């Protein structure tokens, strides 16, 4: 058995990472004597468990070997992250296979952005990945038009307020500097609407290509536009290990 599963952690964190509700919901169940661990009702959230323990919630034994599924999808340019068509523009679900037609997305990518979009049928995974306090890094490769002023980049990377919206600090790399177009890499912990475009516009850079290449432990790698694949086991282990430590 993998060492990640041997380590005992607080039961609320453990069950939350397995998709059995939020930590607050788990703690409420404990106070109502609704959780049994190894045939004993527990009364305190300061209870440590792992996959080797027998856990019963509301008189139902849970499956601790439940497999958490995440798919990685390369959202192409000009596709809308939506299940329902708003007009004649294409939506990502036009490209997904039949078995993923009802799957949910983790966050969104706007119509002018492309790259890694995560899909899952597990609501707890979605909440965990989207919550800013969990600080999952989103990494983007960005092509910009305009003069690169690294002093200006340094300034906005320390956090900025633009049009009364506060943007958190982020890390960046200058990948390639050109006379007209340059490539940057941003590592961010938030996903505010048009965040990257607004930050770049504030220092007179126009984003003309925006590709998300990583979201937490999940990486785009060589996935092609419009294609979908299951997340690697290593990526899932890294995700579960990270959630278990939060």
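Name the shape class, rounded, prolate or oblate, that the alpha-carbon gyration tensor gives for segment 129-205, where a ≥ b ≥ c are the square roots of its eigenvalues, rounded holds for a/c under 1.5, and otherwise prolate holds if a/b is larger than b/c and oblate otherwise. In terms of gyration-tensor shape, prolate. Express in % the proportion of alpha carbon pairs of segment 154-246 at distances exceeding 18 Å. When every Cα pair of segment 154-246 is considered, 57 percent fall beyond 18 Å.
The listed peptides 136-144, 186-194, ordered by packing as a protection proxy, come out as 136-144, 186-194 (highest mean of other Cβ atoms within 10 Å first). Among beta bridges identified by DSSP and lying wholly in the chain, the antiparallel ones come to about 95 percent. Using the Kirkwood radius over C-alpha pairs as Rh, can you work out the diffusion coefficient of segment 202-246 via Stokes-Einstein at 10 °C, viscosity 1.306 mPa s, in µm² per second? D = 122 µm²/s. Projected onto its three principal axes, the C-alpha set of the chain covers 69, 41, 35 Å, listed from the longest axis down. When only Cα pairs below 8 angstrom with a gap of at least 6 residues are kept, segment 3-61 shows a relative contact order of 38 percent.
Applying 0.36 nm per residue to the separation of residue 162 and residue 208 and subtracting their alpha-carbon distance, the gain on full extension is 14.6 nm.
Rule-based calculations on the coordinates, nothing more; no lab input. Bear in mind that the values here come from a model prediction, so they are computed numbers and not experimental data. Positions of Cβ are backbone-derived with ideal geometry, glycine not excepted, and every protein chain shown enters the neighbour counts.
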